[in-house]
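**Q** Below: one structure in structure tokens.
The values are calculated or read from the model by the stated rules, or taken from the named source; none is laboratory data. Only a predicted model underlies this, so the values are computations on that prediction, with no experimental measurement involved. A quick note on method: Cβ atoms are made from the backbone with ideal geometry, for glycine too, and the neighbour counts reach across all protein chains shown. Surface areas here come from the heavy atoms of the whole protein model, side chains and all, with no ligands, DNA or RNA. Shrake-Rupley method; radii C 1.70, N 1.55, O 1.52, S 1.80 Å.
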Amino acid sequence: SRVVLQQQEKEGAELPRLAMRTLGIVLALLCCVAAQECNPRSFGYDSVVCVCDETHCDQPGVIDFPDEGSFTVVTSSRDGLRFNVETLPVSSEASPDAEVVTLNKDDVYQTMLGFGGAFTDSTGLNVVALSSEVQEHFLRSYFAPEGIGYTFGRIPIAGCDCSTRTYSYDDVEGDADLVHWNLTFEDYDYKIPLILRAKEMTTYPLKMFGSPWSSPAWMKTNGMFNGSGILIAEYWQPWANYIVKFVEAYEAEGVELWGLTPQNEPLGGLTDWKINAIGWSAESMRDWLKGYLGPTLEAAGYRHLKMMIHDFNRDSLPWYVEPMLNDPECAQYVDGIGVHWYADRIIPPEVLDETQALSPESFLLYTEACQGNEVEGSELSVNLGSWQRGEEYVHYMLDAVNHYSTGWVDWNMALDILGGPNWANNFLDSPVIVDTEANEFYKQPMFYTIGHLSKFVIPGAERITWTTTATNIEVAAFNDPSGRTVVVILNKNDVEEELTVTDGSENFLNFNIPPKA
């Protein structure tokens, strides 16, 4: 991935003009937080991981826009570059043999909300098993200005498959009044401490949202945390109360929420789902949201929380959200639509456009994604050092933001070397893999490809359109809130490509992008 940051001419204190005589792009490393180099290690895949331990952990450093007349290029590649920074001069003409990327800064689409990951039990369990020094490296890598600058965090409400056991916050049979409701050691040991430390590091406010996987098993028709089961009707109100209690409990611990999804993967529980789930049809979700959850949150003073319906793959778009958006009583409680990545390989992105058109005032946000989900067995789930997985990830991230997604919230921020723990044996891959025995963790290519967006496409940036003459070159471009420009470019070719970026003015940004970069 290549990130290009551009600096426009300023005249006095005015905002930068779109028709500028000088155009700068990406490359100033602030002196206050220096970059640290990758300590590479190969595990036999097509690229390397970067090893972090007590004595060393690579960080990109704080990278800002350059002086006028120059541009900064930040590059990661299959062949080992990791946030490599270089500054080049703006030219008055395009390279004669270059492929051209032309930006249209006046054609503006969605405002970006940010990028992040989930504070799962498995993430927390792995991280707290590391020494305090390595834990600090981990959190700074994701959340600090010198890291990749995550601004989102997702919290499973009680257990999910990425837990060591099945549990809820009230496993006392028939306790409809939730007398025995309480947070668990997973919250106090694995989630809340890491969230509070991350909040201290971020440049921008950390937007936290909660997602329930399953109610207490006794509230469901099948009496199980997983499998095919729906919520028993008499527990619709207690279940709404349960979620409000979660919001209140986390707030009391210093973790104020930004938003909620009413159910993770709501169609899963209508089938024999192997992980924690409740089944909701579109119509039953509509009725519960407008009659129970929405009013209960509002009565408790939490209507300000962003409610994101769907929270599932795009093969159920737009039909799953239509009954909710078309019902004014329900739609009043809806702020956004959450999307999972897992069907993106088979469902074209145009369904995102169709969904956005149903409710232009609502935002789209990718709320979960991970690699390794398509294989069986822990021996295949983790591919340490796979550039192919990182490249595929950023391909779909660019695809999503070019079709209205306001960001991307990854799944586990860390797993062990087998892709767990996971009580359902649903082993997965992660941008960071932890080896607790060695007291070290490995930043995968995925970590860096995600970072090319999360570090440079900040909250408030606006997506703009572009065209290119190149093949196998993928692009997303943004107006930064400062008025400057960020361009993310993926080269899927096995050869270096000569590129020119222009905005249609007389300024040209000429540079080469390495193969698979």
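**Q** What are the residues in region 352-390 that are in contact with a Lys or Arg (Cβ under 8 Å, 6 or more places away or on another chain), open to solvent by less than 20 Å² (accessible area, probe 1.4 Å) and more than 26 Å from MET208 (Cβ to Cβ), if any?
**A** Across region 352-390, the qualifying residues are GLY385, TRP387.
**Q** Something else now. State whether one or more residues within region 16-34 are modelled with pLDDT of 60 or more and open to solvent by less than 60 Å² (accessible area, probe 1.4 Å).
**A** No, region 16-34 contains no residue that is modelled with pLDDT of 60 or more and open to solvent by less than 60 Å² (accessible area, probe 1.4 Å).
**Q** Give region 495-517 a look and list any residue that's surrounded by 19 or more Cβ atoms within 10 Å (Cβ to Cβ) and closer than 22 Å to GLU392 by Cβ, or say none.
**A** Across region 495-517, the qualifying residues are GLU497, LEU499, ILE513, PRO514, LYS516, ALA517.
**Q** Quick check: anything in region 234-254 part of a helix (DSSP H, G or I), open to solvent by 30 Å² or more (accessible area, probe 1.4 Å) and free of Cβ contacts under 8 Å to residues at least 40 places away in the same chain?
**A** yes
**Q** SER284 is checked against (1) in a helix (DSSP H, G or I); (2) under 20 Å from ALA299 (Cβ atoms) and fails just one. What number does that condition carry?
**A** (2)
**Q** Just the residues that are in a loop (DSSP other than H, G, I, E, B) and surrounded by 16 or more Cβ atoms within 10 Å (Cβ to Cβ), please, taken from region 95-123.
**A** Listed by number, the residues that qualify are SER95, ALA98, MET112, LEU113, PHE119, THR120.
**Q** When the residues of region 415-424 are narrowed to those that are in a loop (DSSP other than H, G, I, E, B) and not β-branched (Val, Ile, Thr), which ends up most open to solvent (accessible area, probe 1.4 Å)?
**A** Checked region 415-424; the qualifying residue most open to solvent (accessible area, probe 1.4 Å) is LEU418.
**Q** I'm checking my understanding of the structure. Among residues of region 425-450 that are within 13 Å of the chain's Cα centre (by Cα) and in a loop (DSSP other than H, G, I, E, B), which one is nearest to ASN412 (Cα to Cα)?
**A** Checking each candidate, the answer is SER430.
**Q** State all residues of region 74-91 that are part of a loop (DSSP other than H, G, I, E, B) and open to solvent by 10 Å² or more (accessible area, probe 1.4 Å); if no residue qualifies, say none. Spell out the reasoning first.
**A** We begin by selecting, within region 74-91, every residue part of a loop (DSSP other than H, G, I, E, B); these are 76-83, 90.
Hits for region 74-91 are ARG78, ASP79, GLY80, LEU81, ARG82, PHE83, VAL90.
**Q** For region 213-225, which residues satisfy the criterion of being touching a Phe, Trp or Tyr at 6+ places or on another chain (Cβ under 6 Å) and open to solvent by 10 Å² or more (accessible area, probe 1.4 Å)?
**A** The answer is ALA217, and nothing else.
**Q** Go through region 140-170 residue by residue and tally those that are over 29 Å from SER215 (Cα atoms), surrounded by fewer than 24 Cβ atoms within 10 Å (Cβ to Cβ) and among the small types (Gly, Ala, Ser).
**A** Here the count works out to 1.
**Q** Quick one: GLU322 ticks every box in (1) farther than 24 Å from ASN426 by Cα; (2) open to solvent by less than 40 Å² (accessible area, probe 1.4 Å) bar one, so which box is it?
**A** (2)
**Q** Answer yes or no as to whether GLY385 is more than 17 Å from VAL48 (Cα to Cα) and in contact with a Ser or Thr (Cβ under 6 Å, 6 or more places away or on another chain).
**A** So GLY385 fails the test.
**Q** Go through (1) outside any loop (DSSP other than H, G, I, E, B); (2) surrounded by fewer than 23 Cβ atoms within 10 Å (Cβ to Cβ) and name the single condition HIS403 misses.
**A** In the conditions (1) outside any loop (DSSP other than H, G, I, E, B); (2) surrounded by fewer than 23 Cβ atoms within 10 Å (Cβ to Cβ), HIS403 misses (1) alone.
**Q** Please tell me if GLU173 is modelled with pLDDT of 95 or more, more than 30 Å from VAL488 (Cβ to Cβ), assigned to a loop (DSSP other than H, G, I, E, B) and open to solvent by 10 Å² or more (accessible area, probe 1.4 Å). It would help to see each step written out before you state the result.
**A** Values: modelled with pLDDT of 95 or more: yes; more than 30 Å from VAL488 (Cβ to Cβ): yes; assigned to a loop (DSSP other than H, G, I, E, B): yes; open to solvent by 10 Å² or more (accessible area, probe 1.4 Å): yes.
Against the criterion (modelled with pLDDT of 95 or more, more than 30 Å from VAL488 (Cβ to Cβ), assigned to a loop (DSSP other than H, G, I, E, B) and open to solvent by 10 Å² or more (accessible area, probe 1.4 Å)), GLU173 qualifies.
One line per residue, one yes/no per condition, for (1) more than 16 Å from MET397 (Cα to Cα); (2) open to solvent by 20 Å² or more (accessible area, probe 1.4 Å); (3) under 17 Å from the mean Cα position of the chain (by Cα):
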| position | (1), (2), (3) |
| --- | --- |
| HIS452 | no, no, yes |
| VAL457 | no, no, yes |
| ALA461 | no, no, yes |
| ALA470 | yes, no, no |
| ILE473 | no, no, no |
| ASN493 | yes, yes, no |
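**Q** Another question, then. Condition check: more than 23 Å from LEU297 (Cα to Cα), open to solvent by less than 50 Å² (accessible area, probe 1.4 Å) and in a loop (DSSP other than H, G, I, E, B). Does LEU178 satisfy that?
**A** no
**Q** I would also like to ask the following. Run CYS330 past the list (1) in contact with a helix residue (DSSP H, G or I) (Cβ under 8 Å, 6 or more places away or on another chain); (2) under 26 Å from ALA217 (Cα atoms); (3) touching a residue at least 40 places away in the same chain (Cβ under 8 Å); (4) open to solvent by less than 10 Å² (accessible area, probe 1.4 Å) and report the number of the one that doesn't hold.
**A** (2) is the only condition that CYS330 fails.
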